[in-house]
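The values are calculated or read from the model by the stated rules, or taken from the named source; none is laboratory data. Values in this document were obtained by computation on a predicted structure and should not be read as measured data. FYI the Cβ positions are ideal-geometry reconstructions off the backbone, even for glycines, and counts take in every protein chain you see. Side chains included, ligands, DNA and RNA excluded: accessible areas come from the protein's heavy atoms. Shrake-Rupley method; radii C 1.70, N 1.55, O 1.52, S 1.80 Å.
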Amino acid sequence: VLPAESWAVVFDEGLRARLASLRQERLPKETCGVLLGYFDTSRRRAYVVDALPAPPDSVEERTGCERGTVGLQEDIAAISVATLGQVEYLGEW
């Protein structure tokens, strides 16, 4: 759990390992992607449950990454359908 002002961001070691693996695969370049999860507004928590890798049209360089969009809407929509709308786009990594 990481505090973000008055909210907490919650994720598990499996997600941390997935992000580390996605990062390792792209070295020495930077990479980026999308974080997926859900908000619990009553508890002021954002639960991050998965991460998508950089779409194929992303620009990955040694000093940064500009996330692309190819296939991203379809991937997010499929995940939303599979989770009955519970898991959604939360942000970037």
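Could you please let me know if Leu15 is in contact with a Pro (Cβ under 6 Å, 6 or more places away or on another chain), hydrophobic (A, V, I, L, M, F, W, C), within 15 Å of Trp93 (Cα to Cα) and open to solvent by less than 70 Å² (accessible area, probe 1.4 Å)?
For Leu15, the condition - in contact with a Pro (Cβ under 6 Å, 6 or more places away or on another chain), hydrophobic (A, V, I, L, M, F, W, C), within 15 Å of Trp93 (Cα to Cα) and open to solvent by less than 70 Å² (accessible area, probe 1.4 Å) - is not met.
Considering only region 18-49, state which residues are of a type in the set (A, V, I, L, M, F, W, C) and either under 22 Å from Thr63 (Cα atoms) or open to solvent by less than 50 Å² (accessible area, probe 1.4 Å) (or both).
Scanning region 18-49 gives Leu19, Ala20, Leu22, Leu27, Cys32, Val34, Leu35, Leu36, Ala46, Val48.
Output the residues belonging to region 56-72 that are in a loop (DSSP other than H, G, I, E, B) and either closer than 23 Å to Gln86 by Cβ or modelled with pLDDT under 95 (or both).
Gly71
Can you pull out every residue in region 30-55 that is under 12 Å from Gly91 (Cβ atoms) and assigned to a loop (DSSP other than H, G, I, E, B)?
Cys32, Gly33
Mind checking which pairs have a first residue in region 12-33 that is polar (S, T, N, Q) and a second that is crowded, with 17+ Cβ neighbours inside 10 Å and in a helix (DSSP H, G or I), Cβ under 8 Å, 6 or more apart or different chains?
Close Cβ pairs (under 8 Å, with a partner that is crowded, with 17+ Cβ neighbours inside 10 Å and in a helix (DSSP H, G or I)) amount to Thr31/Leu22.
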